[in-house]
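Please read the structure below before turning to the comments.
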Amino acid sequence: MTIQEESKIRHDLLTPVNQIIGYSEMLAEDATKDGQIQYLADLKKITLAGRNLTDQINQLFKLSEVKNNLTENTSIIPTEVIIPANSDNDLTGKVLIVDDIEDNRDILARRLKKRGYQYEMAENGAIALNKLTQEKFDLVLLDITMPEVDGYTVLKTMKADNVLRNIPVIMISAITEIDSIVRCIEMGAEDYLPKPFNATLLYARVKACLDKKRLLEQEKNYLSERLQTEATLERHRSLAQMVAGVAHEINTPLGIINTAATILDSRVNNKDISDLFEDNTEALEDIMEATDLIKRNITRAHNLVQNFKKISVNQTADIKESVNILETIQDSIELFKINARQANLEIIVQDNIKQSRAWLGYPGYLTQIIINFLTNIERYAYPNNKGGKVIIDLADQQQNNQTYFVITVTDFGHGMSSENVTKVFDPFFTTGRMIGGSGLGLAIVHNLITNVLEGSIKAHSELGKGTSFCITLPNNLGFN
């Protein structure tokens, strides 16, 4: 008799015995759960009889020594102490069970269902590959010995596919097929599951594979997000460099024009020069008005250039220190008090911080941000000093063992369209160009919050109902 023939006979003999063991163990679990302990002794006898028969079959093929070596660290768990179902309520994942024998599939499916996993079943390799290309799975339990398309072929096909290769595979095999197990591991299988299925071993290996897959996906997502963040930072750096360069180049001719305008203004206001226009006072007035116009617009251009420079702000421009975040915001409002009174703004601070108010960060930048918001509200939400209410809400929350402060600034004024909300942080975008808006204020705010203060900002607005900005800042800058 050839080795292949012996292997097939052994497989065919062990299959029904493994099913007897599997069903008897599940019945014992159900009996324990339902309090029908009178059946446990008989069910244990069935299980032990099945295991004894398994030993005899292995001894018949002179493989008991291999079995003992493989199972010395995976001893059988008595049915009385099998882990209860659903003891890990946080387990999730979708598993594809591939086995040509229906009872084997059923045993595995019932085991997985008890633990809260989703599952699909395939009776051969061809169906399994078809399901894998049409549905998303987190794990595959794959039998080796199947007709037509066997487990080796399925595993080889999966590992050759750019998408399927990332799905972990646990091979299902008789405990004696050590050569096959080694071959599968070398081909890329994550682990193996011996028959008969030990409940504890099944749960442990499925959970370990899914946990590993989740960790790899989290690492991949982290790297992807980091690359996106670095790309965004690089765009901001490029913009900052461009703005700084443009501002420098503009400043030089502005200085020359300002000097010329000052000289011109001085001359036309000189009595000797003005006497020359005694017969043409209208021309003198035009020159004086033009001079004044030049000076006012130079001042406006200078202020705009200064705003250009602010957008390239970097972290060294302020001092990092530990402060009370509530007091910092209250101090910022105090600086704006005169403007608020003139604009008839009612500023209300709501303190909903449950724990410490200590914040390690850059209070100067936070003050700049708050004043920028209030200035925008004064100018756009409640124009022409018509006044209105402003609510600044402070709260804290926990994320990934880190405390964050959430600052929400809300007005109930004019509001913005949904289209404008998506552009509100874009440099040079403004709806108030006619009243002197440069479109840089919120771009600077966004740059400060995301790049310097390591936080995030979101905007929400509705026309006629008002606008809300929500800032999230870590309580300890540089903690991550």
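The values are calculated or read from the model by the stated rules, or taken from the named source; none is laboratory data. All figures in this text were calculated on a predicted structure; none of them were measured in a lab. Ideal geometry is used to build each Cβ from the backbone, glycine not excepted, and the neighbour counts take in all protein chains shown.
Couple of notes before you dig in:
- Restricting region 193-219 to residues that are surrounded by fewer than 19 Cβ atoms within 10 Å (Cβ to Cβ) and among the polar types (S, T, N, Q), the residue that is farthest from the chain's Cα centre (by Cα): T200
- Residue satisfying all of: in region 120-148; part of a loop (DSSP other than H, G, I, E, B) and either hydroxyl-bearing (S, T, Y) or closer than 20 Å to E186 by Cβ (or both); nearest to the chain's Cα centre (by Cα) among these: I144
- Taken together, the residues in region 182-192 that are surrounded by fewer than 16 Cβ atoms within 10 Å (Cβ to Cβ) and not in a helix (DSSP H, G or I) amount to 1.
- Checked against the criterion of being crowded, with 17+ Cβ neighbours inside 10 Å, closer than 18 Å to N475 by Cα and assigned by TED's automatic domain parsing to the domain that holds G413, the candidates G361, G388 yield just one match: G361.
- Number of the exception - I319 against (1) modelled with pLDDT of 85 or more; (2) among the hydrophobic types (A, V, I, L, M, F, W, C); (3) outside any strand (DSSP E or B): (1)
- Selected residue (only one of T262, T299, T281, T291 is without any contact (Cβ under 8 Å) to a residue 24 or more places away in the chain, outside the structural domain of G441 (by TED's automatic domain parsing) and surrounded by 11 or more Cβ atoms within 10 Å (Cβ to Cβ)): T299
- Restricting attention to region 265-293, the residues being among the small types (G, A, S) and touching a helix residue (DSSP H, G or I) at 6+ places or on another chain (Cβ under 7 Å) number 1.
- Qualifying residue in region 439-446 (condition: touching a helix residue (DSSP H, G or I) at 6+ places or on another chain (Cβ under 8 Å), in contact (Cβ under 8 Å) with a residue 60 or more places away in the chain and farther than 21 Å from I329 by Cα): yes
The rows are residues; the columns are (1) in a helix (DSSP H, G or I); (2) at pLDDT 90 or above.
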| residue | (1), (2) |
| --- | --- |
| T153 | yes, yes |
| K156 | yes, yes |
| K159 | yes, yes |
| S180 | yes, no |
| P194 | no, no |
| F197 | no, no |
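- Within this structure, R110 passes the test of being among the basic types (K, R), touching a residue at least 60 places away in the same chain (Cβ under 8 Å) and either crowded, with 17+ Cβ neighbours inside 10 Å or in the same structural domain as N18 (by TED's automatic domain parsing) (or both).
- Restricting attention to region 398-429, the residues that are surrounded by fewer than 20 Cβ atoms within 10 Å (Cβ to Cβ) and touching a residue at least 60 places away in the same chain (Cβ under 8 Å) total 6.
- Complete set of residues in region 18-31 that are of a type outside the set (A, V, I, L, M, F, W, C), free of Cβ contacts under 8 Å to residues at least 60 places away in the same chain and surrounded by fewer than 19 Cβ atoms within 10 Å (Cβ to Cβ): D30
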